[in-house]
Structure formats: C-alpha cells, structure tokens
Amino acid sequence: MSENTITRAQLSEAVYQEVGLSRNESADLLEAVLGEISGALARGEAVKISSFGSFSVRAKGQRVGRNPKTGEEVPILPRRVLVFRPSQLLKKRINDGPRVRRTGVA
C-alpha cells in the first residue's frame with residue numbers, strides 16, 4: 001500500500017478525534033455511512049455529498065473490443081460502472097492545495 005492511501009482505520013480514527021465518540025462507535029458510524037452509500041449505489045440511486053461530489057451508476061452497453069496481443073475481436077458484455085464527479089469546491093481545494101514539484105523537462 002502507498003503511504004498516501006487513507007484506510008478505513010484512519011478515517012475511523014479521524015472521526016474518533018473530531019467527534020469524540022468511542023473508537024468502536026466511530027468505526028460503527030463509518031461502516032454505517034459507507035454501507036448506506038454502497039447500498040444506494042447498488043440500487044442504482046445517485047449519491048450526492050455536498051461540497052465533495054456525487055457518485056452514480058452508469059449502464060454501459062455491449063461493444064466490441066480487441067485483444068491487443070492478437071488483434072482478435074472480443075465482445076465486451078454490458079455492465080454497470082461507478083462514476084464519481086467531484087464538486088467544484090473539491091476541484092478548487094485540490095488545485096489550490098500544496099503544489100507537488102514536477103521533475104523533468106518543462
């Protein structure tokens with residue numbers, strides 16, 4: 001795992017620190033929130049979290065793809081995919097946040 005990945009345990013700990021619930025109650029609260037979000041998405045409902053973004057499920061139709069190694073055409077079956085659209089506020093926070101220094105030729 002990357003050092004930049006936030007885990008459920010870290011989110012639960014943040015709730016514990018900020019809200020003051022017990023560690024078990026914080027973990028239960030986090031699981032309840034994530035359960036509600038995933039349940040709504042599984043039912044095909046959109047989930048909007050103000051100032052953060054929205055999650056929705058999109059249906060993709062069947063299409064023809066290619067095996068890159070052989071060039072053989074392969075049917076890609078219809079499926080549902082999860083889509084996240086960040087809010088304008090989240091985009092601004094990301095773009096205005098600490099700048100990561102890029103290496104290489106400009």
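The values are calculated or read from the model by the stated rules, or taken from the named source; none is laboratory data. This one's a predicted model, so the numbers in the text were calculated from it and none came from an experiment. FYI the Cβ positions are ideal-geometry reconstructions off the backbone, even for glycines, and counts take in every protein chain you see.
A few points about this structure:
- Considering VAL83, VAL15, the condition of being modelled with pLDDT under 95, in contact with a Ser or Thr (Cβ under 6 Å, 6 or more places away or on another chain) and among the aliphatic types (A, V, I, L, M) is satisfied by VAL15 alone.
- Being aliphatic (A, V, I, L, M) and surrounded by 11 or more Cβ atoms within 10 Å (Cβ to Cβ) is true of ALA27.
Rundown of residues vs (1) part of a loop (DSSP other than H, G, I, E, B); (2) among the aliphatic types (A, V, I, L, M), yes/no style:
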residue: THR5; (1), (2): yes, no
residue: LEU11; (1), (2): no, yes
residue: ASP28; (1), (2): no, no
residue: ALA32; (1), (2): no, yes
residue: ILE37; (1), (2): no, yes
residue: ALA59; (1), (2): no, yes
residue: VAL64; (1), (2): no, yes
residue: THR70; (1), (2): yes, no
residue: PHE84; (1), (2): no, no
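- Residue match in segment 19-31 (condition: closer than 20 Å to LEU82 by Cα and either within 14 Å of the chain's Cα centre (by Cα) or acidic (Asp, Glu) (or both)): yes
- Output for segment 79-100, where each listed residue is of a type outside the set (A, V, I, L, M) and either exposed (fewer than 10 other Cβ atoms within 10 Å of the Cβ) or touching a His at 6+ places or on another chain (Cβ under 7 Å) (or both): GLN88, ASN95, ASP96, GLY97, PRO98, ARG99
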